[in-house]
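Structure first, commentary second.
The values are calculated or read from the model by the stated rules, or taken from the named source; none is laboratory data. What you see is a predicted model; the values in this text were computed from it and never measured. Note that we place each Cβ from the backbone using ideal geometry, even for glycine, and neighbour counts take in every protein chain shown. Areas reflect the complete protein model, heavy atoms only, side chains present, ligands, DNA and RNA absent. Shrake-Rupley method; radii C 1.70, N 1.55, O 1.52, S 1.80 Å.
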Amino acid sequence: MTTRVRVPASRWVLFWAIALGGAGFDLATKEAIFARVGPPGSPPVSILGEVLELRTSHNTGALWGFGGRMPYSSLIFAGLSIVAAVAIGYWLFVRGAAEDWRLTVALGLIMAGALGNCYDRLRFGHVRDFVHFHVDRIGFDFAIFNFADNLLVAGAAILMVLALRPEAPREVGAPAFAEPAPPAP
């Protein structure tokens, strides 16, 4: 049986502020850009010369369209987002990982991206993408993406950095994410 670790209320606030704020920002930008530019196939809007433009696109797959041709891909990826959301909540607030504010931030970013894209999948059957980097002179054409994708990548990058940092030794039986006890006088 798993014992529940008491997580400070400030971590709950931090996590949900990032998760809901990030998802809200993602959804608001998708709505605004699609209203301004139009549906996929509409002429793009140049932002930074020949390098950055707003070009609307629908993506039924995951990152870079991976798995988009699978039957029911949007439902499968929405289901995976829901499973990830439950796992993140469990790890942070039941297992106590939220005691580390850095993990709370990283997983809040991942939750924000997952929520934004999951909403699109469940409501529209695809994810709305609109940011397009490309440099035609050298043949560079990056996948079209959205802010939810940026949030997911930022959260994953923070997790990788945290995983690569040396871990301080701890006493056997001490919680994995607790601050070390002060030395005895």
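Details
- Of all residues making up segment 108-119, the number that are open to solvent by less than 20 Å² (accessible area, probe 1.4 Å) and more than 14 Å from ASN59 (Cα to Cα): 5
- Considering residues of segment 34-55 that are over 17 Å from PHE142 (Cα atoms) and free of Cβ contacts under 8 Å to residues at least 40 places away in the same chain only, the residue most open to solvent (accessible area, probe 1.4 Å): ARG36
- Any hit, segment 120-132, residues being open to solvent by 40 Å² or more (accessible area, probe 1.4 Å) and outside any helix (DSSP H, G or I): no
- Residues that are under 17 Å from GLU31 (Cα atoms) and among the aromatic types (Phe, Trp, Tyr), drawn from segment 108-153: TYR119, PHE124, PHE130, PHE145, PHE147
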